Amino acid sequence: QVQLVESGGGLVQAGGSLRLSCAASGLTLRAMGWFRQAPGLEREFVAAISWSGGNTNYADSVKGRFTISRDNAKNTVYLQMNSPKPEDTAVYYCAAGSNWYQSKPADFGSWGQGTQVAVSS
């Protein structure tokens, strides 16, 4: 019964940076993940983090560029996007699930409404 609200999306130039935020309410001691969905494509995994923040998992496409973190005192999870590329353009969703090491959308039961990220070249 976690409620999630994403923010921070927008237009960014390739090579810039952007930080997405996901504010949570309700049960927050959950693993959290970021997913994205581009037009015409299926929703794909981006990153996940354990409830304590001690474990993280990243899609190969974003390793070294994106960083997931969380501040449980603020009930917020972040996605720091460094050196974004045009192919990173998508609607980004945060989600709550049972395990940080899972990467399928079906493994995460609570979802936000998404925030649009557009990367221009």
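Report note on the peptides 45-53, 78-86: ranked by the mean count of other C-beta atoms within 10 Å, highest first, their order is 45-53, 78-86.
Ala96 sits among other residues whose Cβ lies under 12 Å from its own Cβ, and their net charge, with Lys and Arg +1 and Asp and Glu -1, is +1.
The residues packed around Leu4, meaning those with a beta-carbon under 13 Å from its beta-carbon, carry a net charge of +1 if Lys and Arg are +1 and Asp and Glu are -1. Around the amide H of Phe66, modelled in the peptide plane, lie the amide H atoms of Asn82, all under 5 Å away and 5 or more residues distant in sequence or on another chain. Can you give me the relative contact order of the chain as a percent, contacts being Cα pairs under 8 Å and 6 or more apart? It comes to 37 percent, rounded to a whole number. Sum up the charges of everything whose Cβ sits under 10 Å from the Cβ of Gly53, counting Lys and Arg as +1 and Asp and Glu as -1, but leave Gly53 out. Spelling it out: positives minus negatives among the neighbours equals 0. Check which residues have an amide H placed less than 5 Å from Arg19's amide H, if you skip close sequence neighbours. Here the answer is Met81, since their amide H atoms fall under 5 Å of that of Arg19. Listed by chain and number, the aspartates and glutamates whose C-alpha is less than 18 Å from the C-alpha of Lys85, apart from same-chain residues fewer than 8 away, are Glu44, Asp60. Relative to the Cα centre, the charge distribution of the chain, modelled as +1 at Lys and Arg Cβ and -1 at Asp and Glu Cβ, gives a dipole magnitude of about 200 debye.
Which percent of the accessible heavy-atom area of the chain goes to carbon and sulfur, probe 1.4 angstrom?
47 percent
In summary, the convex hull built on the alpha carbon positions of the chain has an orientation-averaged projected area of 6.6 nm².
The values are calculated or read from the model by the stated rules, or taken from the named source; none is laboratory data. These numbers were taken from a predicted model, which means no experiment stands behind them. Neighbour counts are summed over all protein chains in view; Cβ atoms, including those assigned to glycine, are modelled from backbone coordinates with ideal geometry. In case anyone asks, the SASA skips ligands and DNA or RNA and just uses the protein heavy atoms, side chains included. Shrake-Rupley method; radii C 1.70, N 1.55, O 1.52, S 1.80 Å.
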